[in-house]
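Worksheet for the structure shown next.
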Ligand SMILES: Cc1cc2nc3c(=O)[nH]c(=O)nc-3n(C[C@H](O)[C@H](O)[C@H](O)COP(=O)(O)OP(=O)(O)OC[C@H]3O[C@@H](n4cnc5c(N)ncnc54)[C@H](O)[C@@H]3O)c2cc1C
């Protein structure tokens with residue numbers, strides 16, 4: 001009830017109205033979900049099918065001859081004030097977008113992994129909306145849905161776990177009225193920063209070594225905006241916002 005009141009207040013402002021399609025104070029989708037107290041239907045929202053997106057981008061880059069599918073071995077990089085060399089390639093700068101992978105050059109930056117697991121479920125009935133309460137349930141491949149996600153700071157094994165499956169299945173069970181079946185499970189590591197802000201900027205010792213990391217739990221939503229921001233900075237069109245500039249971790253660099 002308190003949350004509903006907060007949303008009502010929020011929706012009163014004209015600039016917020018465009019994001020709210022409806023606020024229901026009683027059940028509106030009771031044939032599919034447990035929503036006795038109603039809920040909020042958001043406008044201008046959606047989802048990205050990340051595997052489909054990544055595969056399409058890889059194909060597009062490959063067709064332009066701009067993609068090499070191999071592990072980047074940092075020990076082969078040669079850093080020079082004007083030029084970066086790596087195997088047969090030369091470039092004026094290098095941008096590290098390597099998530100939680102260890103890096104010799106960036107070891108002073110406090111990027112911490114936050115493990116997340118997801119399920120793929122299937123059911124007989126198509127869902128009318130993306131439902132989100134405790135867990136999200138979004139469409140993936142035909143008649144299948146992606147459910148997520150867990151947040152695990154300590155148990156960082158690179159594998160799926162029964163604990164996460166049970167947690168997610170309980171979440172879906174308390175939201176959906178429709179029977180479902182789990183058909184797959186997956187895991188990933190989110191690269192987080194201590195202040196939950198992305199990390200963008202220039203290496204303190206090598207001016208042509210750049211970082212784009214720390215996207216945390218919201219990389220899919222934030223990456224387009226901050227990739228544009230980084231591009232503007234690289235072309236001298238703008239400064240990096242202080243809140244995301246790695247200069248805020250300068251003290252850590254001076255200790256390393
Ligand atoms: C379970 C889960 C749920 C999520 N849910 C959401 C969500 O609801 N909304 C949202 O916006 N985002 C979500 N995300 C995205 C996530 O939060 C991150 O922000 C995002 O994945 C960060 O993207 P990235 O490309 O910076 O890092 P990563 O996704 O970690 O990608 C880095 C890539 O670099 C590769 N790499 C590293 N080192 C090398 C090397 N030396 N050579 C070659 N390749 C290398 C890695 O293999 C990896 O593929 C979710 C992620 C997970 C795991």
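Any read-out appearing in this document is the output of simple, stated calculations on the displayed coordinates, not a laboratory observation. As the structure is a computational prediction, the values presented were derived from the model and not from experiment. We place every Cβ from the backbone using ideal geometry, glycine too, and count neighbours over all the protein chains shown.
Annotations
- Residue 247-residue 20 FRET efficiency (beta carbon distance; Förster radius 35 Å; 0.05 resolution): 0.40
- Added length on full extension, which subtracts the Cα-Cα distance from 0.36 nm per residue, residue 143 to residue 58: 28.1 nm
- Packing, as the average of other Cβ atoms within 10 Å across residues, places the peptides 76-82, 27-33, 113-119, 64-70 in the order 113-119, 27-33, 76-82, 64-70, highest first.
- Structure remark: mean-square fluctuation, Gaussian network model of the chain, C-alpha springs under 10 Å; the largest value among 177, 87, 26 belongs to 87.
- Model label sites at residue 66 and residue 223, defined 7 Å from Cα along the beta-carbon direction, differ in position by 1.5 nm.
- In the chain, helices alone account for a calculated mean residue ellipticity at 222 nm of -7500 deg cm²/dmol, with every DSSP H run of four or more residues adding -39,500 (n - 2.57).
- Spacing of the modelled spin labels on residue 239 and residue 206, each 7 Å from Cα toward Cβ, amounts to 2.7 nm.
- For the peptides 212-220, 53-61, the ranking by mean Cβ contacts within 10 Å, running from highest to lowest, is 212-220, 53-61.
- Rh (Kirkwood; distinct C-alpha pairs) - the chain, Å: 21.4 Å
- Max mean-square fluctuation residue, GNM over the chain, Cα-Cα springs under 10 Å, options 172, 244, 41: 41
- Once the C-beta distance of residue 129 and residue 166 is scaled by a Förster radius of 25 Å, the resulting FRET efficiency is 0.50 to the nearest 0.05.
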